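The structure under discussion appears below in the form of structure tokens.
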Amino acid sequence: DSGVTQTPKHLITATGQRVTLRCSPRSGDLSVYWYQQSLDQGLQFLIQYYNGEERAKGNILERFSAQQFPDLHSELNLSSLELGDSALYFCASSTRTTTGELFFGEGSRLTVL
Amino acid sequence: GIQVEQSPPDLILQEGANSTLRCNFSDSVNNLQWFHQNPWGQLINLFYIPSGTKQNGRLSATTVATERYSLLYISSSQTTDSGVYFCAVERVDTGGFKTIFGAGTRLFVKA
């Protein structure tokens with residue numbers, strides 16, 4: 001158990017809908033990272049937050065947004081969903097502002113029908 | 001941006017065999033990690049190894065940062081070692097520090 005908690009574990013929804021994925025980092029970790037893993041794309045970095053502030057941005061679509069709350073949990077919002085958004089979404093946490101050692105949650109598997 | 005290449009892409013082993021997985025990166029990095037993604041999709045930390053050698057049971061890793069590569073050794077492989085092994089490197093990129101993953105080595109260990 002990495003100590004990083006993600007919910008929900010599985011989610012099935014329809015095109016055009018909006019979903020929210022939630023992540024609670026390890027106790028004491030201030031940084032939260034979101035990654036997307038599609039079948040043919042590998043692990044793609046989406047965005048990082050450190051203590052509530054956005055610190056780094058990767059290939060995150062404009063239809064996606066994230067935030068980190070004062071209690072350090074984070075949410076990834078995916079809107080206007082398309083079939084191609086079906087993927088495993090991982091959250092990771094670390095203690096540092098730079099990446100440092102990452103610890104991953106078990107992921108949220110999103111299926112868009 | 002930085003390129004992270006892992007080899008081989010696929011590997012089939014008989015239980016008990018040894019193997020070496022390689023990760024090459026195209027530029028200097030701050031840190032390097034190895035992960036194992038098991039068949040259920042979980043990403044498990046194996047090593048945090050920006051340089052030097054570390055060992056954990058049947059697994060060991062060596063990173064030679066000056067030559068831009070890292071090796072993961074698996075000895076006496078077991079069926080539970082099956083899955084995908086990822087190398088991930090951290091460096092400054094547009095937008096800040098990022099961890100970039102290689103495409104992985106898919107390992108299948110036969111009983």
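The values are calculated or read from the model by the stated rules, or taken from the named source; none is laboratory data. Since the structure is predicted, the reported quantities are computational estimates derived from the model, not experimental observations. Don't worry about glycine lacking a Cβ; one is built from the backbone with ideal geometry, like all the others, and counts go over all protein chains shown.
Here are some conditions: (1) within 11 Å of another protein chain (Cβ to nearest Cβ); (2) over 21 Å from A:Leu102 (Cβ atoms); (3) among the aromatic types (Phe, Trp, Tyr). B:Trp40 meets all but one. Which one does it not meet?
Result: B:Trp40 passes all but (2).
Name the pairs whose Cβ atoms lie under 6 Å apart, with the first residue in the range B:84-106 and of a type in the set (Phe, Trp, Tyr) and surrounded by fewer than 22 Cβ atoms within 10 Å (Cβ to Cβ), the second at pLDDT below 85 and assigned to a loop (DSSP other than H, G, I, E, B), and 6 or more positions between them or separate chains?
B:Phe97/A:Thr98; B:Phe97/A:Thr99
If you take the residues of the range A:1-46 that are touching a residue at least 40 places away in the same chain (Cβ under 8 Å), assigned to a loop (DSSP other than H, G, I, E, B) and small (Gly, Ala, Ser), which of them is nearest to the other protein chains (Cβ to nearest Cβ)?
Result: A:Ser2.
Within the range B:23-37, take every residue that is within 10 Å of another protein chain (Cβ to nearest Cβ) and polar (S, T, N, Q) and give me the one that is nearest to A:Phe104 (Cα to Cα).
It comes out as B:Gln37.
Quick one: in the range A:61-113, which of the residues that are in contact with a Phe, Trp or Tyr (Cβ under 8 Å, 6 or more places away or on another chain) and without any contact (Cβ under 8 Å) to a residue 24 or more places away in the chain is nearest to B:Tyr48 (Cα to Cα)?
A:Glu101
Which ones in the range A:86-100 are in a loop (DSSP other than H, G, I, E, B) and either surrounded by fewer than 18 Cβ atoms within 10 Å (Cβ to Cβ) or modelled with pLDDT of 95 or more (or both)?
Passing the criteria: A:Ser86, A:Thr95, A:Arg96, A:Thr97.
Just to verify a result, which residue in the range B:1-13, among those that are β-branched (Val, Ile, Thr) and part of a strand (DSSP E or B), is farthest from A:Gln41 (Cα to Cα)?
B:Ile12
In the range B:14-111, which strands (runs of 3 or more DSSP E) lie fully inside it and hold 3 or more residues that are over 20 Å from A:Ser38 (Cα atoms)?
Per the criteria, B:19-25, B:31-37, B:43-48, B:52-56, B:59-64, B:69-74, B:83-93, B:105-110.
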